[in-house]
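Reading through the structure tokens given below for one structure.
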Amino acid sequence: MTDNLLGSVNLGLVQLNCVKVRDVLLRKKEKLVGLLKALAARIPRVLLAAASAKFSELERQLKAPANSIEEVDAQRKFIGELPMKMAAVVAEVEAAKPWYAALESMRYLLPDDETRDKVTGQSWQVKLLRLSERTLEQLDVDQTKYADELTAQEEDFAGKINSVAMSLTNAQAHVDVAKVDVVAAEVAAVDKQLRAVQREALQLNTRQALLGQPLTDYSHIKMLIDMFDPFIQFWTAAASWKVRRFQVHSASRPYRVKPSDRLVAT
């Protein structure tokens, strides 16, 4: 090509060196091609980086320990939805493949770190599916453990119900209105215990349902609450009446002028 190229061309007072012009143009072309390849390499790199971040979050959730039967159930549901969750991310990985194919056609050699990112990004789906299988095995172990714990919790709960029922009976025995402050506080404490027991009963039934166990009938707790409600209303109202009576009495008491309040004639 150099043999067929004129050495120089005279343009009036200017002499143009054709070889140098060709070299400049070739260098500019090579620079533009390099920029084009770099830009083409950046697009799949960004796509895989975003996909890898999403895959990493899915991996984190799969590795999270289940600390209760509720978390075991939530983890099972998460794994059931995992293929759907991965589908959109896999589509992002697939979108990067045509760009890598174009780079290969341009004989662009990926740096080692980008090659590793490419392999990692394209292997996430298989990695997570295998991890989900191992997680399911661990969840079976956890479920057995929490089922045993639930049995022990139910036994303790039966004793707790009896204790609260005894406190309720004792609170109902009060008849001395002169002790209204003490009784009102005791009644409020028993009511708080009853509400806590009711919440725990609901939690136990929920866990039994998650484990596929028959639900224990705790309807008698609601009966205790309904039976105790009139006592709560009475002693709460009595305590409030006593406070208001004291406030009214204090407000109506005549004011006594203290010696220090008297005007001194000057």
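The values are calculated or read from the model by the stated rules, or taken from the named source; none is laboratory data. Remember, predicted model here, so these are calculated numbers, not experimental data. Every residue, glycine among them, receives a Cβ derived from its backbone with ideal geometry; neighbour counts consider all protein chains shown. Note: accessible area is taken over every heavy atom of the protein model, side chains too, but ligands, DNA and RNA are not part of it. Shrake-Rupley method; radii C 1.70, N 1.55, O 1.52, S 1.80 Å.
Here are the numbers for this structure:
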item	result
Whichever residue in segment 21-60 is more than 29 Å from THR120 (Cβ to Cβ) and open to solvent by less than 100 Å² (accessible area, probe 1.4 Å) and, among such residues, is modelled with the lowest pLDDT	VAL21
Selected residue (only one of LEU110, LEU150 is open to solvent by less than 50 Å² (accessible area, probe 1.4 Å) and part of a loop (DSSP other than H, G, I, E, B))	LEU110
Selection count, segment 165-206, where residues are open to solvent by less than 50 Å² (accessible area, probe 1.4 Å) and either of a type outside the set (Gly, Ala, Ser) or touching a residue at least 60 places away in the same chain (Cβ under 8 Å) (or both)	13
Residue in segment 209-220 that is part of a helix (DSSP H, G or I), open to solvent by 90 Å² or more (accessible area, probe 1.4 Å) and modelled with pLDDT under 95 present	no
Failed item in (1) touching a residue at least 40 places away in the same chain (Cβ under 8 Å); (2) of a type outside the set (A, V, I, L, M, F, W, C); (3) open to solvent by less than 60 Å² (accessible area, probe 1.4 Å), with LYS63 passing the rest	(3)
Candidate set from segment 129-188 (those that are more than 24 Å from ALA201 (Cα to Cα) and basic (Lys, Arg)); member that is modelled with the lowest pLDDT	LYS179
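Residues checked against (1) among the polar types (S, T, N, Q); (2) at pLDDT below 95; (3) surrounded by fewer than 13 Cβ atoms within 10 Å (Cβ to Cβ); (4) under 30 Å from the mean Cα position of the chain (by Cα):
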{"site": "ALA87", "(1), (2), (3), (4)": "no, yes, yes, yes"}
{"site": "ALA101", "(1), (2), (3), (4)": "no, yes, yes, no"}
{"site": "GLU104", "(1), (2), (3), (4)": "no, yes, yes, no"}
{"site": "GLU114", "(1), (2), (3), (4)": "no, yes, no, no"}
{"site": "GLN125", "(1), (2), (3), (4)": "yes, yes, no, yes"}
